[in-house]
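Participant: If you scroll down you'll find the structure; I have some questions about it.
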Ligand code: NAD
């Protein structure tokens, strides 16, 4: 099969980790006989330097005309003093909105070989954790009506509005049910239905939709309890679906229980199969250009791309297995190294993963 991928390396360690990911894409293309056509474009600080804006029109057009987009990271000290709308990070919001991506999928996985990296006790982590947080990305309080007003007795006030429509909840819930069907068929919908009207609507819609997915075991949890349960007993979760704001907080909490920012990929999806795939970490200017960055989050983002945009589950699994094998053999980049492990650089880690895929690994 043939697929077109727009690659946006971005700034800092972005180009370094993307280089390894591109190699992996080429390799699996050859091995599985798929044609991955790749074209690069600018986003973030490098786009500001070249065109004065973080998301040039041409970049967005190229992404729209692709089957998937792979992004490294954006940002750096150089652009930190620019006004908000021309900061590198504005390019990220622009591309998500421009591509109509309303769902963010963030797996939080603790691989057995890395369980020491988790801040949780070994008896809680056991043999590893594998949670998928599905966050609504374009609705709720971050996009609702907001403003300032004068109150009668309490002076100046400010407000933000949490609003969700049936259609908005339905489309994110559907995606979450579909995701659960591809995993362990367990879905936890997180809301605050004991207090918020928008959460009561959220819950009604999710329950109604569950009739279409009888195989999925659906449960509900209030967000305050979910925040506690994630550290008390994370193994109870498979897929979590929640609103934009609750998802913002819970997905970061879930990431942190893995203890390794350089390991975590993400996917942002919308209508159809076009998706944006990126590591959750930033541009790490403190280690940029030093061959120290962990490329695994970006390589696992490629694995998500194969699965969610291209439906190539076998290729996705090959990439994941290659990563797990390298970890099990004791190789680590500096960020995940521990006593007795073999520390390697960005390029070497990429090569070890590629060797697993070609079968050249020892
Ligand atoms: P960061 O994620 O870049 O770095 C946090 C820490 O984690 C640093 O010590 C860094 O060295 C380390 N780290 C991150 N990724 C790593 C990797 N792959 N391998 C090894 N170590 C890694 O977050 P920050 O320092 O808060 O932000 C730096 C810049 O990145 C800022 O300009 C910020 O705005 C931007 N940022 C971009 C994105 C994105 O592109 N999606 C996300 C977050 C932050």
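Participant: If I take every Cα pair under 8 Å that is 6 or more residues apart in the stretch 51-101, average their sequence separation and divide by the length, what percent do I get for the relative contact order?
Facilitator: 52
Participant: Give the order of 221, 228, 38, 304 when sorted by the count of other beta carbons within 10 angstrom, beginning with the fewest.
Facilitator: 228, 38, 221, 304
Participant: Follow-up. Taking the beta-carbon count within 10 Å as an exposure proxy, list 220, 281 from fewest neighbours to most.
Facilitator: Arranged by neighbour count, lowest to highest, 220, 281 become 220, 281.
Participant: Still on this structure, I have one more. Could you tell me the largest-minus-smallest coordinate of the C-alpha atoms of the stretch 13-135 on each of the three principal axes, in descending order and whole angstroms?
Facilitator: Cα extents, longest axis first: 52, 43, 28 Å.
Participant: Using a ≥ b ≥ c from the Cα gyration tensor of the stretch 82-125 (square roots of the eigenvalues), is it rounded, prolate or oblate, where a/c under 1.5 gives rounded and otherwise the larger of a/b and b/c decides, a/b for prolate?
Facilitator: prolate
Participant: Between residue 58 and residue 30, how many nm apart are label points set 7 Å from Cα along the C-beta direction?
Facilitator: Spacing of the two 7 Å Cα→Cβ label points: 3.1 nm.
Participant: Same structure, new question: Figure the gain on full extension for residue 321 and residue 154 (residue separation times 0.36 nm, minus the Cα-Cα span) and round it to one decimal in nm. Intermediate values should be presented prior to the final figure.
Facilitator: Values: separation 167, 0.36 × 167 = 60.12 nm, distance 5.89 nm.
That pair, residue 321 and residue 154, stretches by 54.2 nm at full extension.
Participant: While we're looking at this one, here's another question. Can you give the alpha-carbon Rg of the chain over 2.2 N^0.38 Å, where N counts its residues?
Facilitator: Taking the Cα Rg and dividing by 2.2 N^0.38 Å, one obtains 1.00.
Participant: Where both partners of a DSSP beta bridge lie in the stretch 136-281, what percent of those bridges are antiparallel, to the nearest 5? Write down the numbers at each step before the final one.
Facilitator: Values: 10 of 20 bridges.
Antiparallel: roughly 50 percent of the beta bridges in the stretch 136-281.
Participant: Taking only DSSP H segments of four or more residues, each worth -39500 (n - 2.57), what value at 222 nm results for the chain once the sum is divided by all its residues, to the nearest 500 deg cm²/dmol?
Facilitator: Details: 12 runs with 147 residues, N = 362.
Calculated at 222 nm, the ellipticity per residue is -12500 deg cm²/dmol.
Participant: Just to confirm my numbers, what's the Cα centroid distance between the stretch 157-211 and the stretch 88-128 in Å?
Facilitator: Going from one Cα centre to the other spans 20 Å.
Participant: More than 19 angstrom separation, counting every C-alpha pair in the stretch 103-257; what % is that?
Facilitator: 55
Participant: Here's something else I'd like to know. What is the fewest-to-most order of 219, 210, 268 by other Cβ atoms lying within 10 Å of their Cβ?
Facilitator: Starting with the residue having the fewest Cβ neighbours, the order is 219, 210, 268.
Participant: Would you please classify the overall shape of the stretch 240-362 from the alpha carbon gyration tensor, given that a ≥ b ≥ c denote the square roots of the eigenvalues, rounded means a/c under 1.5, and beyond that prolate means a/b larger than b/c while oblate covers the rest?
Facilitator: Oblate.
Every read-out reported here was derived from the displayed coordinates using simple, explicitly stated rules and does not represent laboratory data. Since we're looking at a predicted model, the values are computed, not measured. Note that each Cβ is placed from the backbone with ideal geometry, even for glycine, and that neighbours are counted across all protein chains shown.
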